[in-house]
Amino acid sequence: MNLYPLGLKLDGLRVLVVGAGAVATRRVPALLDAGAEVVVVAPAATPAMESLAATGKLTWHRRTFEPADVDGAWLVQVAVDDHEAGNAVSAAAFERRVFCVRADDRHAATAWTPAVTRHGPVTVAVLGGGDPKRSAAVRDSIRTHLESANEEAAEPARGTVALVGGGPGDPELITVRGRRLVAAADVVVVDRLAPGLLLDELRPDAEVVDASKIPYGPARTQEEINAILVDRASAGKFVVRLKGGDPYLFGRGGEEVLACAAQGVPVLVVPGVTSALAAPAAAGIPVTHRGVAHELVVVSGHLAPDNPASLVDWPALGRLRGTVCVLMGLANLPKIAAALIDGGRPPSTPAAVVQEATTPAQHVVLATLATVAELAADIPPPAVVVIGDVVHALTPPG
C-alpha cells in the first residue's frame, strides 16, 4: 500500500476519540498539544483521562459511541480493542468522509499515526508501510543521531525498574537519559503529572499502566503500584516508572525502591527537574537571589498545619526570611498562610501561585501572604506556591 504522508493542522478543530483507555491515554496528549478540540466518547476512562476532562482540556461523553458523534469531526481516533465497535466507528467516519485512525486494526483504517520523535520545533514522523515496529526502529535510529553523541546508550537490563523523573510538564525538560529509557521500556507505569506527550513516542508494543493519583478523586494505592513494578520486572520486563518532577521529591520514589529491593528487583533512579524549582523559574521568579534570599525551603502542603499527622514545623517556617515553596498545598493554603503569619512572617510578604508550569496552560497569580489564599481559591492543581521577596526580585510589583 502506498501512503501519502501529510501533516494535519488541528488547532481549534474537533477530533473525536472513541475509547478512553490505555490507547487514548497515549494518543490524546499529542492531539491536545496540536491544539485540537478533543471530544472523547467512552462509558469509562482511565484516571488520567478523567483528569483531563475534569480540568476542561477535553470533552468526555460518558456513554457508548453513536454514529452522529462523527458529525463535525475532522479526524476520528478509534482507541478501543473491540473489532466490531471499531468497524462501527470507521463505517460512520467513512460515510461522512472523515479520516479514521484505528488502534485495533490499522489495515481497516483510512489513516495511520506515524512513529514520531520531537526535538524542539522539529517533529520527525516515520510511516513503516503497515509495520509499526519498523517505523519505531527507524524513528529511534533518527532520534539517536539527533541526541548527544557523547551520551551513554547502554541497553537497559531486563528485569529491572527505572524511576524516571519526567520534569515539571514540558516534555523537553526530561533528561536525555530519562527520555532514552522511556523509549526503551517494555512497560511504563505513569503518573498523572508526568508529561503525557512522551507516551506518544513509546514502542508500539509497550504496555502503559495508568498509576494516576487524582487529588480527592480516584487513585491507585501505593501498594498496588509497588506490586505492579515488582510483577512486571519479575516477568523479565524493563519497567519505567515515569513520574512528574523528581522521583525523590514528594514522589514516593523511596517507597518504590524499598518495595523492589525487598523482592530482589534492581532499581535505577534517574533524577528529574522538580516543579519546586522549575515552576518559579518559568514564572520569572528565582528561588534564591543575592541580597534577597539565601535560603530555600521546599515543603509539602498535603496535610494542613492543624493536622496531627503533619511533620512540618510551620511556626519555624514563619520565622525564616528566605523563600518557601509549597507543593500540593492549594487545598490547605488558607491554613498554611495563616500559620506562617502566626509564626512571624509579615502578611505583606510577596507570594505567587504558578499553575501547570512550563506547559501552554501555565497561569501565574501574584499576591501577598495575606491575600494569596483568596486569590488562588479557584485555581485547580497542579500548582506551586512561592512565598518570599524573590517573587519581585526580577520584576518589581506594579
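Worth a mention:
- Unmet criterion (only one of (1) of a type in the set (A, V, I, L, M, F, W, C); (2) within 19 Å of Pro168 (Cβ to Cβ); (3) in contact with a Pro (Cβ under 8 Å, 6 or more places away or on another chain)) for Ala339: (2)
- Among the conditions (1) modelled with pLDDT under 95; (2) acidic (Asp, Glu); (3) more than 23 Å from Arg26 (Cβ to Cβ), the only one that Asp246 does not satisfy is (1).
- Taken over the stretch 300-313, the residue count meeting the criterion of being under 19 Å from Val287 (Cα atoms) and free of Cβ contacts under 8 Å to residues at least 60 places away in the same chain is 1.
- Filtered residues of the stretch 352-382 (kept if touching a helix residue (DSSP H, G or I) at 6+ places or on another chain (Cβ under 6 Å) and assigned to a strand (DSSP E or B)): Ala352, Val354, Val365, Ala367
- Any chance Ala361 is within 21 Å of Gly167 (Cβ to Cβ) and either more than 29 Å from the chain's Cα centre (by Cα) or modelled with pLDDT under 95 (or both): yes
- Picking from residues in the stretch 348-380 that are free of Cβ contacts under 8 Å to residues at least 60 places away in the same chain and of a type in the set (S, T, N, Q), the one that is nearest to Thr55 (Cα to Cα) is Gln355.
- Residue check: Val208 meets all listed conditions (1) outside the structural domain of Leu330 (by TED's automatic domain parsing); (2) free of Cβ contacts under 8 Å to residues at least 24 places away in the same chain; (3) not in a loop (DSSP other than H, G, I, E, B) but one, namely (2).
- Enumeration of residues in the stretch 251-275 that are in a loop (DSSP other than H, G, I, E, B) and at pLDDT 95 or above: Gln263, Gly264, Val265, Pro266, Pro271, Gly272, Val273, Thr274
- Enumeration of residues in the stretch 64-107 that are among the hydroxyl-bearing types (Ser, Thr, Tyr) and surrounded by 15 or more Cβ atoms within 10 Å (Cβ to Cβ): Ser90
- Selected residue [under 17 Å from Ala293 (Cβ atoms), assigned to a helix (DSSP H, G or I) and either at pLDDT 95 or above or not assigned by TED's automatic domain parsing to the domain that holds Gly291 (or both)] from Val385, Val391: Val391
- Test for Val270: is it under 23 Å from Val116 (Cβ atoms) and crowded, with 20+ Cβ neighbours inside 10 Å: yes
- Filter pass, Gly254 being over 18 Å from the mean Cα position of the chain (by Cα), small (Gly, Ala, Ser) and not assigned by TED's automatic domain parsing to the domain that holds Thr221: no
- Ile285 among the hydrophobic types (A, V, I, L, M, F, W, C) and either in contact with a His (Cβ under 6 Å, 6 or more places away or on another chain) or outside the structural domain of Ala361 (by TED's automatic domain parsing) (or both): no
- Residue that is in contact (Cβ under 8 Å) with a residue 24 or more places away in the chain, within 25 Å of Val187 (Cβ to Cβ), out of contact with any Phe, Trp or Tyr (no Cβ under 7 Å at 6 or more places or on another chain) and surrounded by fewer than 19 Cβ atoms within 10 Å (Cβ to Cβ), where the choices are Gly21, Gly35: Gly21
- Subset of the stretch 86-110 (residues that are aliphatic (A, V, I, L, M) and either closer than 21 Å to Arg26 by Cα or touching a Ser or Thr at 6+ places or on another chain (Cβ under 9 Å) (or both)): Val89, Ala93, Val98, Val101, Ala103, Ala108, Ala109
- Among (1) in contact with an Asp or Glu (Cβ under 8 Å, 6 or more places away or on another chain); (2) crowded, with 21+ Cβ neighbours inside 10 Å; (3) farther than 24 Å from Val209 by Cα, the one test that Leu13 misses: (2)
- Those residues of the stretch 290-347 which are aliphatic (A, V, I, L, M) and assigned to a helix (DSSP H, G or I), in sequence order: Ala316, Leu317, Leu333, Ile336, Ala337, Ala338, Ala339, Leu340, Ile341
- Flag for Asp71 being among the acidic types (Asp, Glu) and either at pLDDT below 95 or touching a Phe, Trp or Tyr at 6+ places or on another chain (Cβ under 7 Å) (or both): no
The values are calculated or read from the model by the stated rules, or taken from the named source; none is laboratory data. These numbers come from a predicted model, not from an experiment. All Cβ positions, glycine included, derive from the backbone under ideal geometry; neighbour counts span all protein chains shown.
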